[in-house]
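One structure below.
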Amino acid sequence: MTKKIESVETESSFVNFNIDAVPYAKLSTYMFFTGDLKNLQPNTKVISYEPASSLFTDYALKKRFIWMPGGVKAVYDTDDKILNFPLGTVLIKNFYYNTVQPSNTTKILETRLMIKKSTGWVFAEYLWNDAQTEAELVTGANFASGSSKNITFKKENGDIITTDYRIPSETECLACHKLDNKPIPIGVKPQNLNISYNYPNGIKNQLQKLVDEGYLQSYPSNIVSTVNYKDTSKPLDIRLRSYLDINCAHCHQENARCDYRAIRLSFSQTSNLTKLGVCVSADEPINPSLERIITPGNPAKSVMHFRLSSTNENNRMPLLGRTIVHDEGVELLRQWISSLNQTCP
């Protein structure tokens, strides 16, 4: 039995997917998960993945999956470009907290899909109900301005945080996911996936897992890869560059939202300290003591440190995706700036 997905012939699978009918009104309709939906237990050929470093989203945890129709494969282009995915590919990203107060319960807030159609990638945003039994599609005119969800959770250090977690509109999604004025995924680059993952049947390199599942043709053995920025066994500069790549580079690159700024924060470019903003004058100095993006040895005089430490919408960076300060990210940046000893001209 075969099912046609646009121009691609694919074997029938346990997942329910008709490219002409998606996005569906309910997340459960896809059958990406088996059993109780809230358990996010992946169905056959729904493959877990995790980038080396994760985008900060108000301390929300994430579970990510890839599904593709049968008979087609992604292709490796370069280390720092997303895999070239075939039509019908779906990237699934679930946002949740497992320390929701007062009882340390788990609560899924949203599931975001990116679906590759013949016209390009499209977004589908699903909001979970309080009973955690279903997530419903909210894209379109009725969700043009997005929404917020008040939540109180406990951090790993024991701090209790209350915030209005931001659920983005399609326009806000596009702001970060736009390259050459087209929507595009962010994290599924070989440089970010070239690490081991603990699958149910054992630990395996994620790119090799995609090859073994028939989802990827091949990949080179010499990929220059990002690291987990939390891993203190790695060099400080590599950790910081990995953090900025996943959190900032999608806007601070050519033909993206912030390409008019002087910095370029993709991991493949930041071995050049000028691209990172070291000794670079800010386009919009905050005040006389904050004139350079990075002032070596002095976080307090570095615009990047100021913006990452701010929650004011006029100053904070990233502007979207967070409402609170990422303390660990700011501390990583502080340590790295403090380690620099060159003198600016």
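The values are calculated or read from the model by the stated rules, or taken from the named source; none is laboratory data. Remember, it's a predicted structure, so these values are computed and weren't measured experimentally. Virtual Cβ from ideal backbone geometry, glycine too; neighbours counted across all protein chains shown. Side chains are part of the model used for accessible areas, which takes the heavy atoms of the whole protein and leaves out ligands, DNA and RNA. Shrake-Rupley method; radii C 1.70, N 1.55, O 1.52, S 1.80 Å.
Over the heavy atoms of residue 231, what accessible area does a 1.4 Å probe trace out, to the nearest 10 Å²?
Counting only protein heavy atoms, residue 231 exposes about 50 Å² to solvent.
Where the accessible area of the chain is counted over protein heavy atoms with a 1.4 Å probe, how much of it, in %, is carbon and sulfur?
Of all accessible area on the chain, carbon and sulfur atoms account for 48 percent.
Give the ranking of 186, 151, 286 by solvent-accessible surface, highest area first, calculated with a 1.4 Å probe.
Final ranking, largest accessible area leading: 286, 186, 151.
If each of residue 21 and residue 331 carries a label point 7 Å out from its Cα toward its Cβ, how far apart are those two points in nm?
Between residue 21 and residue 331, the simple spin-label model gives 5.0 nm.
With the crude spin-label approximation of a point 7 Å out along Cα→Cβ, what separation in nm comes out for residue 323 versus residue 156?
2.4 nm
So how far apart, in nm, are the two label points at residue 14 and residue 34 if each is 7 Å from Cα heading toward Cβ?
Taking the simple label geometry, residue 14 and residue 34 are separated by 0.3 nm.
Probe 1.4 Å, all protein chains in place: accessible area of residue 137 in Å², nearest 10?
Residue 137 has an accessible surface of roughly 50 Å² with all protein chains in place.
In Å³ and rounded to a whole number, note down the convex hull volume per residue for the Cα atoms of the stretch 237-345. Please report the intermediate quantities before stating the final value.
Working: hull volume 10.6 nm³, N = 109.
With only Cα atoms used, the stretch 237-345 gives 97 Å³ per residue.
Using a Förster radius of 56 Å, what is the FRET efficiency between residue 221 and residue 312 based on their Cβ-Cβ separation? Nearest 0.05, please.
Taking R0 as 56 Å, the efficiency between residue 221 and residue 312 is 0.75.
Want the number for residue 286 to residue 77: 0.36 nm per residue separation, take away the alpha-carbon distance, what's left?
Gain on stretching residue 286 to residue 77: 71.3 nm.
When all protein chains stay in place, what accessible area (Å², nearest 10, 1.4 Å probe) is found for residue 246?
10 Å²
Ratio to report: Rg/Rh of the stretch 91-223, with Cα atoms as the point set and Rh obtained by the Kirkwood method; give two decimals.
For the stretch 91-223, the value is 1.02.
Quick query: amide H of residue 179 versus all other amide H atoms, modeled in the peptide plane; which residues come in under 5 Å with a sequence gap of 5 or more or a different chain?
When sequence neighbours closer than 5 places are left aside, the close amide H contacts are 184.
Please compare each pair in 117/182; 26/63; 204/275; 116/230 to a cut-off of 22 Å on the Cα-Cα distance and tell me which ones are over it.
Violating the 22 Å limit, Cα to Cα: 204/275; 116/230.
Quote to one decimal, in nm, the extra length available between residue 103 and residue 117 on full extension: 0.36 nm per residue of separation minus the C-alpha distance between them.
Result for the pair: 0.9 nm of gain on full extension.
Hey, how many Å between the Cα centroid of the stretch 79-124 and the Cα centroid of the stretch 209-274?
If you average the Cα positions of each part, the centres end up 19 Å apart.
With +1 assigned to the C-beta of every Lys and Arg and -1 to the C-beta of every Asp and Glu, and no other charges, what is the dipole magnitude of the chain about the Cα centre in debye, to the nearest 20?
My answer is approximately 300 debye.
What is the chain's relative contact order, in percent, from Cα pairs under 8 angstrom and six or more apart in sequence?
Normalised by residue count, the contact order of the chain is 14 percent.
When we measure straight from the Cα of residue 38, which aspartates and glutamates land under 15 angstrom away, once same-chain ones fewer than 8 places off are left out?
Of all the aspartates and glutamates, those that pass the test against residue 38 - Cα under 15 Å, at least 8 places apart if same chain - are 110, 130, 134, 136.
With 10 Å bins from zero, work out the P(r) of the stretch 55-122 over every alpha carbon pair and list the percent per bin.
18, 37, 27, 14, 4
Straight-line reach from residue 301: which aspartates and glutamates have Cα under 13 Å away, leaving out those fewer than 8 places along the same chain?
291
Could you pull out the chymotrypsin sites (Phe, Trp or Tyr not before Pro) across the stretch 227-290 that fall in loop regions by DSSP (anything but H, G, I, E, B) with no more than 15 other Cβ atoms inside 10 Å?
Here the chymotrypsin sites (Phe, Trp or Tyr not before Pro) that fit, given the DSSP loop and packing criteria, are 260.
Rounded to the nearest 20 Debye, what is the dipole magnitude of the stretch 111-218 about its Cα centre when Lys and Arg each give +1 and Asp and Glu each give -1 at the C-beta? The partial results should precede the final answer.
Values: 12 positive and 12 negative charges, 76 e Å.
About 360 debye.
Take the Cα gyration tensor of the stretch 265-317, multiply each eigenvalue by 5, square-root it, and list the three semi-axes largest first, rounded to whole angstrom.
Working: eigenvalues 70, 36, 17 Å².
Three semi-axes, in Å: 19, 13, 9.
Given a 1.4 angstrom probe, what's the average accessible area per residue across the chain, in square angstrom?
47 Å²
In nm, what is the difference between 0.36 nm times the number of residues separating residue 232 and residue 339 and their Cα-Cα distance?
Fully extending the segment from residue 232 to residue 339 adds 37.0 nm.
Compactness ratio of the chain: Cα Rg over 2.2 N^0.38 Å, N = residue count?
1.02
Which of the cysteines in the chain are isolated, no other cysteine C-beta under 4.7 Å?
Here 173, 176, 248 come out as lacking a disulfide-compatible partner, given the Cβ-Cβ threshold of under 4.7 Å.
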